[in-house]
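Following: one structure in structure tokens, then a few remarks.
The values are calculated or read from the model by the stated rules, or taken from the named source; none is laboratory data. These figures come from a predicted structure and were not determined experimentally. Positions of Cβ are generated from backbone atoms using ideal geometry, with glycine treated the same way; all protein chains shown enter the neighbour counts.
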2 protein chains.
Amino acid sequence: MKTYLDCIPCFMQQALRAGRIATTDEAQIKKILDNTAAMVSTIPMQSTPAQTGMKVYDIVSQVSGVEDPYKAIKAKHIQQTKAIYPQLEELVEKSEDKLLTAIKVAIAGNIIDLGVNMHFDLVNDVQNILKQDFAILDYQAFKIQLEKAAFVLYIGDNAGESVFDKILIKQLNKPVKYVVRSAPIINDVTKEDAIASGLDKVADIIESGSKSPGIILELSSPEFIELFQKAPMVISKGQGNYEGLSDCSRSVFFLLKAKCAVISKHLGVAEASIVMKEHIPQTDKE
Amino acid sequence: MKTYLDCIPCFMQQALRAGRIATTDEAQIKKILDNTAAMVSTIPMQSTPAQTGMKVYDIVSQVSGVEDPYKAIKAKHIQQTKAIYPQLEELVEKSEDKLLTAIKVAIAGNIIDLGVNMHFDLVNDVQNILKQDFAILDYQAFKIQLEKAAFVLYIGDNAGESVFDKILIKQLNKPVKYVVRSAPIINDVTKEDAIASGLDKVADIIESGSKSPGIILELSSPEFIELFQKAPMVISKGQGNYEGLSDCSRSVFFLLKAKCAVISKHLGVAEASIVMKEHIPQTDKE
């Protein structure tokens, strides 16, 4: 997916939000905004938004001197999602279609935000998403590919959401390789976060070879690229991974909540839709 | 009011929105975003946001070559609001407290946006605002000052909203000088728009001497500044005028809907609140 004009004010918003998480020094945050703005005219519009996102977060780290501003937030999210994990697992176990419910739970994890009443909101939001219909649901194709797959490559998104992924991974009932970023970027899941989320109990944890917030194949390690191309089935979580993989040359199942106008339009769904979409390269129109 | 960090991504949003109204050429819109971004590091944070807003709209006009991108939209808004004017007037006439209802109607005009179903939304939104409680309502002070005032200086905001202002002006039952921008800027009301709104029938129309989107006294004409300082009562509509006058040295009644986080915080109210606040210079804390 390319960068759209709407992404540009959004980069500034991201710079402000991340700046505020990294520091309370208003002058430093202004400098972060200045440096991000200074980069605007050089943004290659054919690159994915995640590629510019990575540069924004580099600016945040450089100006604030804080390497991993989201460290504490990620730990909190993992702790909070682990606290409701038994409830979610019970919900899946009691449901009519366990796999489909687990897919919805995994997408629900994608709504994690930084609200104060997070525990409450999380339970509420999960319940709302479970009631919500999918805007796109390629479930038959998913089940057919899953049945045949010797293993599944599962590309993670945020820390915290990773705990919800564990529920889906258990329902897949196949060996899973769970892909994490190779270094901290925003609140994306790293190896350390995946282990803290308990994913090492249900999957092999694999690094993408990059810290881009969303897989960008050109920036990934050769080992990862090979694994990605050869894996019998790929599940990709969240918008960041969708940005980088929406035009790729293999089948991918995208699981996400469409959180912004650009992604929603690209998918052809209303904003806030939940989606489980199979990307089939030969029919991809972008 | 000074410029806050949150205003900076908002300038980029405004540039994108106005760019799209001025032109459909994506390369021109990207240039508008580039030029706005290039200005970010030079924004004087002690100036009001409207001052930078003016520069953003200058960039839009320069790059697109369109002097008044909102001309057609303003004409449409005036036409649409005039179509529901009789209903609004009847509503005021039938209400228990005509002046207070007219104040609410005038604030309701402040919600005018560019939706497709605007006529429908407008009637709906007005009805919703009429049911909404004020977050701040300095109504006693308003009535006392109004009773004593030989005339009222009424500072307009948007075209279309101006039609709603007519309803309040009639209920004020005093001579009114209605202040407009001296040149087109965004969808702000100009002399031409005020006449098209029928305001010349109920008020003298006065130019501020500036096209800043919101009164900035330093940029206004000496005649306007004198009138502003000497007027027995001043009513100011909308956020743009609030930005420029919230620290001024005389009493002003601000009528607005708090549409953004920065203004809401500055006023100490929740976002989307409706407000009729008397600014009293000696107790102003900013």
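Restricting the search to the range B:61-83, which residues are assigned to a helix (DSSP H, G or I) and closer than 23 Å to A:PRO9 by Cβ? Within the range B:61-83, B:SER61, B:GLN62, B:VAL63, B:SER64, B:ILE73 qualify. Being in the same structural domain as A:GLY238 (by TED's automatic domain parsing), hydrophobic (A, V, I, L, M, F, W, C) and either in contact with a Lys or Arg (Cβ under 7 Å, 6 or more places away or on another chain) or crowded, with 21+ Cβ neighbours inside 10 Å (or both) holds for only one residue in A:ILE78, A:ILE29, and it is A:ILE78. Out of all the residues in the range B:34-49, is one or more under 24 Å from B:GLY244 (Cβ atoms), in a helix (DSSP H, G or I), in the same structural domain as B:GLY268 (by TED's automatic domain parsing) and in contact (Cβ under 8 Å) with a residue 60 or more places away in the chain? No, the range B:34-49 has no match at all.
Quick one: count up the residues across the range B:233-263 that are surrounded by 19 or more Cβ atoms within 10 Å (Cβ to Cβ), among the small types (Gly, Ala, Ser) and out of contact with any Ser or Thr (no Cβ under 6 Å at 6 or more places or on another chain). Show your work before the answer.
Start the filter on the range B:233-263 by keeping residues that are surrounded by 19 or more Cβ atoms within 10 Å (Cβ to Cβ), which leaves B:233-246, B:252-258, B:262-263.
When the remaining residues are screened for being among the small types (Gly, Ala, Ser), the result is B:236, B:238, B:240, B:244, B:246, B:258.
Retained after the next criterion (residues that are out of contact with any Ser or Thr (no Cβ under 6 Å at 6 or more places or on another chain)): B:236, B:238, B:240, B:246.
Of the residues in the range B:233-263, 4 are surrounded by 19 or more Cβ atoms within 10 Å (Cβ to Cβ), among the small types (Gly, Ala, Ser) and out of contact with any Ser or Thr (no Cβ under 6 Å at 6 or more places or on another chain).
Here is a yes/no grid of residues against (1) more than 20 Å from the chain's Cα centre (by Cα); (2) assigned by TED's automatic domain parsing to the domain that holds B:GLU278; (3) of a type outside the set (Val, Ile, Thr); (4) part of a helix (DSSP H, G or I):
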{"position": "B:MET54", "(1), (2), (3), (4)": "no, no, yes, yes"}
{"position": "B:ILE59", "(1), (2), (3), (4)": "yes, no, no, yes"}
{"position": "B:PRO86", "(1), (2), (3), (4)": "yes, yes, yes, yes"}
{"position": "B:VAL92", "(1), (2), (3), (4)": "yes, yes, no, yes"}
{"position": "B:ASP125", "(1), (2), (3), (4)": "no, yes, yes, yes"}
{"position": "B:GLN145", "(1), (2), (3), (4)": "yes, yes, yes, yes"}
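Taken together, the residues in the range A:1-33 that are of a type outside the set (A, V, I, L, M, F, W, C), outside any helix (DSSP H, G or I) and either facing chain B (nearest Cβ under 9 Å) or within 29 Å of A:ASP247 (Cβ to Cβ) (or both) amount to 4.
Out of everything in the range A:166-214 that is without any contact (Cβ under 8 Å) to a residue 24 or more places away in the chain and of a type in the set (Asp, Glu), what residue ends up being nearest to A:ILE235 (Cα to Cα)? Among those residues, the one meeting the criterion is A:ASP200.
Pull up the range B:94-117, narrow it to residues that are assigned to a loop (DSSP other than H, G, I, E, B) and modelled with pLDDT of 90 or more, then point me to the one that is surrounded by the fewest Cβ atoms within 10 Å (Cβ to Cβ). Step through it out loud before you land on a result.
Initial filter on the range B:94-117 (assigned to a loop (DSSP other than H, G, I, E, B)): B:95-97, B:112-117.
Then drop every residue that is not modelled with pLDDT of 90 or more, which leaves B:95-97.
Details: B:SER95: 15, B:GLU96: 6, B:ASP97: 12.
Filtering first and then ranking leaves B:GLU96.
Taking the numbered list (1) buried (at least 16 other Cβ atoms within 10 Å of the Cβ); (2) charged (D, E, K, R); (3) in contact (Cβ under 8 Å) with a residue 24 or more places away in the chain in turn, A:LYS148 passes all entries but (1). For A:LEU227, the conditions (1) part of a helix (DSSP H, G or I); (2) touching a residue at least 60 places away in the same chain (Cβ under 8 Å); (3) within 22 Å of A:GLY53 (Cα to Cα) are fulfilled apart from (3).
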